[in-house]
2 protein chains.
Amino acid sequence: MAGEFDLIDRIRARTVARGDVVLGIGDDAALLQPPAGMQLVVAMDALNAGIHFPHDTAPADIGWKALAVNLSDLAAMGATPAWCTLSLSLPEPDAAWVDAFLDGFDALARAHAVALVGGDTTRGPLSVCVTVFGFVAPGRALCRAAARVGDDIWVSGTPGDAAAALAQWRAGGTRDPVLRGRLDRPTPRVALGLRLAGLAHAAIDISDGLLADLAHVCGASGVGAEIDVDALPVSDALHAAAPDPDTRRARQASGGDDYELCFTAPAAAQHAIVDAAAGASTRVTRIGRIVEGDAVDARTGDAAAWRPASGGYRHFQD
Amino acid sequence: MAGEFDLIDRIRARTVARGDVVLGIGDDAALLQPPAGMQLVVAMDALNAGIHFPHDTAPADIGWKALAVNLSDLAAMGATPAWCTLSLSLPEPDAAWVDAFLDGFDALARAHAVALVGGDTTRGPLSVCVTVFGFVAPGRALCRAAARVGDDIWVSGTPGDAAAALAQWRAGGTRDPVLRGRLDRPTPRVALGLRLAGLAHAAIDISDGLLADLAHVCGASGVGAEIDVDALPVSDALHAAAPDPDTRRARQASGGDDYELCFTAPAAAQHAIVDAAAGASTRVTRIGRIVEGDAVDARTGDAAAWRPASGGYRHFQD
């Protein structure tokens, strides 16, 4: 069986090359050359087996998702990804598992020219922790505190798909591969985030659920929000999986793990937003507006006010 | 019981303030301003309960050690620490545990003016993953590949203490608090590393054991090494815990978790090294020299050649 150093060699052999990596995997630390005048953008997220992904998730999908959830944080800041580090805890040093994990991790790393520059492999319960590094020009980052009264609220993609996949998995019945793909291989909206920087006001990625994450934006910005839940785009797969409107609305408004972007922008920027989304080949939909107050008000087209049963997903339940 | 967001608030409330942190904990990612012209130095290490520390380790000691092992990597590069991120997996959201953990983590962070700028808290088996960021001027980093034939080999502190503590813990008998302190609260040799940058050639921190880590330096540099094991300084506590010379030598030469620095420097730099160590208030000892070849030869003063039973510690055993 392979030892720790063999695993590190396997990982190093597949790393993306970048000119700004002075010294990558193999020393006590990595040496990196940040571009002059740019701010460094850093996010770190861990995925634990059974908590953040079902135990039957394919290793390649775990690799993809571990990087995707972190790139999604850079996307929500409007940053250009550059480097990452990886800490991998495995119950045993399984080279075949690591190779499969790297198939997914590297596919996404190459798509975004992200170099893996360091980290460690350790024995322990299956867990993947990634730190990502990107750049943004000063003053152009999309921050949660930047929403303004009168802003339109937008969302990318079709939120709710990942939650529908998780519900199917929990129920143990029919499982739609399209929905499962949205849970296991979320698409970080990096291209969209880059085009929104300097154009949109606030942004956040949807990991805890649209309403919960929008509430974070409102809290940080000192504003409220009105959302038309029925304005949220519905994927065909979600429509088929959740024909009951209230179930579907719950998935869309409160389901986590979508890693779509929710962002706010001045009403005058509507055409520019649509152009930016087209340039990023990403669907965006206007779903509400920022108002005075401190509440997130979720309404439907045919009811006075629809309220989700839960304010969102928490890793730690009270 | 506190939820995830309460834990994050507790962590944020105790963070060190730095002027180069544009945006810290609380957004999708941190925004940081690296100093112009410097290289960024990044290391990431995870500690898992039962693997990297005994289950009975105090939370404050876990907090200290999680940061210490990472700062030790920066020290081994000769870098100035600046920022860190923290991913904390806990079986349950225990606010008292987190407060105690932060007591140790913050004590070390403040000592080195390191700002915690992001990360996450998740549910899962107890595990702590830290990424640290520092700076070094181009060309001044201490790299493993820089050892040259004829260099002196030096070590800081008194290696073997941590391994002796672990042996006592495993045996379940008398436990020396001095040794246990060296296991639980290692001192990252940051001040020494900073003074060695531009003076020493190669450096590494001793996490896997002196001989194993020195072998990494030799492998990266394409050289061999001769070590006089009996030249290694012995702490009073280690002397009392391991009166048998061979047991003591095994702790010193092959015991991990000391986080002392092993470094090489030209013979002409001996006085400068001693001055640098005095300036950093850190004991250093010359223990051998770099030679041609590819082997690490460990000798004693009174025997032809003493060989350790094991080449060092691995998290993953073959």
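The C-beta contact set for segment A:117-128 (first residue within 7 Å of chain B (Cβ to nearest Cβ), second residue open to solvent by 10 Å² or more (accessible area, probe 1.4 Å) and part of a loop (DSSP other than H, G, I, E, B), distance under 6 angstrom, 6+ apart or interchain) comprises A:Val117/A:Gly24; A:Thr122/B:His315; A:Arg123/B:Ile51; A:Arg123/B:His315; A:Gly124/B:Ile51; A:Pro125/B:Pro125.
The condition (being closer than 26 Å to B:Asp120 by Cβ, touching a Ser or Thr at 6+ places or on another chain (Cβ under 7 Å), facing chain B (nearest Cβ under 7 Å) and not polar (S, T, N, Q)) is satisfied by just one residue among A:Ile8, A:Ile25, A:Ile51: A:Ile51. Given the condition open to solvent by 20 Å² or more (accessible area, probe 1.4 Å) and in a loop (DSSP other than H, G, I, E, B), answer yes or no: does some residue in segment B:268-280 qualify? There is no residue in segment B:268-280 that is open to solvent by 20 Å² or more (accessible area, probe 1.4 Å) and in a loop (DSSP other than H, G, I, E, B).
Name the residues in segment B:145-175 that are within 14 Å of chain A (Cβ to nearest Cβ) and either farther than 18 Å from B:Ile273 by Cβ or of a type in the set (Phe, Trp, Tyr) (or both), would you? If the condition is that a residue be within 14 Å of chain A (Cβ to nearest Cβ) and either farther than 18 Å from B:Ile273 by Cβ or of a type in the set (Phe, Trp, Tyr) (or both), then B:Ala145 is the only one that fits. Being out of contact with any Phe, Trp or Tyr (no Cβ under 9 Å at 6 or more places or on another chain) and not hydroxyl-bearing (Ser, Thr, Tyr) is the filter; apply it to segment B:74-92 and report the residue that is nearest to the other protein chains (Cβ to nearest Cβ). Once the filter is applied, the top-ranked residue is B:Met77.
Check whether at least one residue in segment B:154-168 is touching a Lys or Arg at 6+ places or on another chain (Cβ under 9 Å), more than 30 Å from B:Ala253 (Cβ to Cβ) and open to solvent by 10 Å² or more (accessible area, probe 1.4 Å), and report yes or no. So far as segment B:154-168 goes, no, none of its residues is touching a Lys or Arg at 6+ places or on another chain (Cβ under 9 Å), more than 30 Å from B:Ala253 (Cβ to Cβ) and open to solvent by 10 Å² or more (accessible area, probe 1.4 Å).
Total residues in segment A:201-246 satisfying the condition of being within 18 Å of the chain's Cα centre (by Cα), of a type outside the set (Asp, Glu) and within 14 Å of chain B (Cβ to nearest Cβ): the figure is 11. Taking segment A:177-207 as the region of interest, how many residues are modelled with pLDDT of 95 or more and of a type in the set (Asp, Glu)? Final tally of qualifying residues: 1. Sub-7 Å Cβ pairs linking a first residue in segment A:229-256 that is closer than 27 Å to A:His216 by Cα to a second residue that is of a type in the set (Gly, Ala, Ser) and open to solvent by 60 Å² or more (accessible area, probe 1.4 Å), at least 6 apart or interchain, are A:Asp230/A:Gly301; A:Ala250/A:Ala309, ordered by first then second residue.
Of the listed requirements (1) over 21 Å from A:Ala191 (Cα atoms); (2) part of a helix (DSSP H, G or I); (3) in contact (Cβ under 8 Å) with a residue 12 or more places away in the chain, A:Arg170 misses just one: (3). Here A:Ser207 meets each of (1) surrounded by fewer than 23 Cβ atoms within 10 Å (Cβ to Cβ); (2) among the hydroxyl-bearing types (Ser, Thr, Tyr); (3) touching a residue at least 60 places away in the same chain (Cβ under 8 Å) with one exception, condition (1).
The values are calculated or read from the model by the stated rules, or taken from the named source; none is laboratory data. Here the structure is a predicted model, which means the values were calculated and not measured. Quick reminder, even Gly has a Cβ in these numbers, built from the backbone with ideal geometry, and neighbours come from all protein chains shown. Areas reflect the complete protein model, heavy atoms only, side chains present, ligands, DNA and RNA absent. Shrake-Rupley method; radii C 1.70, N 1.55, O 1.52, S 1.80 Å.
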